[in-house]
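Take a look at the structure set out below.
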Amino acid sequence: HKINHYQKYIGNYAEYKNVPTLPLEVLKVDGSCYTFAMHGKKDLSFLVFSDIHCDGYAWQSLLQSKTAQNCDLIVNIGDMLSNSTGILSIFHGYLDAQLPFAARKPLLNFRGNHEQRGTSPSTFDEVFASPGWKGYSLHRFGDICLIGLDVGNGDDQRKWLKEVIKTPEFRTAKHRIVLNHYPAIKTKSGTYLDLIDGIFAGKDRLADIDLYLCGHRHRGFYVAKDSDRYVLMSNEKSSKIQPLPFFMIVNEGPNIYIDNTAMLIETKGDSLTVKLLKRDGSIYRTFKIK
């Protein structure tokens with residue numbers, strides 16, 4: 001985990017808000033990277049957030065709950081902001097609430113379409129990028145392989161995906177999870193399935209995954225493996241879709257319909273479970289994936 005990019009902004013940011021910032025003892029004076037090892041276990045527990053839209057402090061209570069504190073990792077999958085208007089928009093919008101967690105455990109960030117909007121759309125890369133950063137990445141934690149995708153660079157990502165699924169990090173993983181801001185569905189306004197079609201979905205796919213986690217739609221729903229329908233969290237049936245050979249869950253985000261603020265993913269041996277959390281940390285619904 002690298003936070004050297006946070007450091008160069010901490011000083012200026014402290015002038016604007018009279019609140020505690022990231023403790024200096026976790027930052028090296030020379031600006032080099034602070035690193036630490038993962039827990040070393042084969043199992044993993046992590047939180048996935050989406051569609052915060054600058055409402056970071058509103059869900060700080062969830063981050064302070066035992067559920068969050070016991071997690072090994074936090075992943076943001078886009079639309080943490082409504083518009084990118086510089087460094088302060090990232091800190092005010094959501095990062096401030098996560099810094100205490102990020103000082104102790106890893107934090108992964110992937111863009112949504114709103115990170116591309118505003119007066120400074122390149123700020124996201126300036127804050128979170130590391131050497132070789134492309135916006136998408138593969139991470140192996142114990143028995144779990146996480147693939148995080150970006151909202152852009154479709155052709156480059158497809159080439160990368162076709163290569164990365166050949167690696168031992170992907171092939172030997174017990175649980176394979178893909179994270180993307182966009183759901184893997186086709187809509188009237190366009191398709192979000194093209195990126196993975198022929199790789200993780202469609203005929204003659206190249207590899208299998210267990211779970212696809214996403215957001216964007218501001219209405220929570222899920223698609224069971226091999227189902228041709230997506231179902232709203234209220235169990236209301238909706239339109240037919242192209243069947244998916246994996247389980248997909250679309251996070252809602254806070255302040256919408258059912259306050260499905262985050263997803264808690266837990267693995268234990270051969271089991272894989274997803275719990276939908278409200279902002280107070282309570283469980284709204286549980287899905288047993290494996």
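The values are calculated or read from the model by the stated rules, or taken from the named source; none is laboratory data. Computed from a predicted model, the values in this text were never measured in an experiment. Neighbour counts run over all protein chains shown; Cβ positions are idealised from the backbone, glycine included. We work out accessible area using only protein heavy atoms, side chains counted, and drop any ligands, DNA or RNA first. Shrake-Rupley method; radii C 1.70, N 1.55, O 1.52, S 1.80 Å.
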ask   = For segment 54-194, which whole-number percentage of the solvent-accessible area (1.4 Å probe, protein heavy atoms only) is attributable to carbon and sulfur atoms?
value = 49 percent
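Could you do me a favour and compute the accessible area per residue for segment 83-226, 1.4 Å probe, result in Å²?
On the way: 5930 Å² over 144 residues.
In whole numbers, segment 83-226 has 41 Å² accessible per residue.
Cβ under 11 Å from residue 82's Cβ, residue 82 left aside: what net charge do those residues give with Lys, Arg +1 and Asp, Glu -1? Spell out each step's value before the answer.
On the way: positive: 117; negative: 51, 55, 79, 115.
Charge balance in the 11 Å sphere: -3.
Strictly over 30 Å apart at the Cα level, which of 105/186; 42/278; 42/288 would you flag in this model? If you can, show how the numbers build up before the last one.
Working: 105/186 36 Å; 42/278 27 Å; 42/288 19 Å.
Too far apart for the 30 Å limit: 105/186.
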message = How large a share of the accessible area of segment 214-290, in percent, is made up of carbon and sulfur atoms when the probe is 1.4 Å and the other protein chains stay in place?
response = 44 percent
ask   = If r is the Cβ-Cβ distance from residue 218 to residue 166 and R0 is 45 Å, what FRET efficiency results, to the nearest 0.05?
value = 0.80
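Specify whether the C-alpha gyration tensor of segment 58-159 places it in the rounded, prolate or oblate class, a ≥ b ≥ c being the square roots of the eigenvalues: rounded for a/c under 1.5, otherwise prolate if a/b is larger than b/c and oblate if not. All intermediate terms of the calculation are to be shown ahead of the outcome.
Working: a/c = 2.08, a/b = 1.12, b/c = 1.86.
Because a/c hits 1.5 or more and a/b fails to exceed b/c, segment 58-159 counts as oblate.
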request  = Take every DSSP beta bridge with both residues inside segment 94-177 and express the antiparallel ones as a percent of the total, to the nearest 5.
outcome  = 60 percent
message = Below 12 angstrom from the Cβ of residue 248, what's the summed charge of the other residues (Lys, Arg +1; Asp, Glu -1)?
response = +1
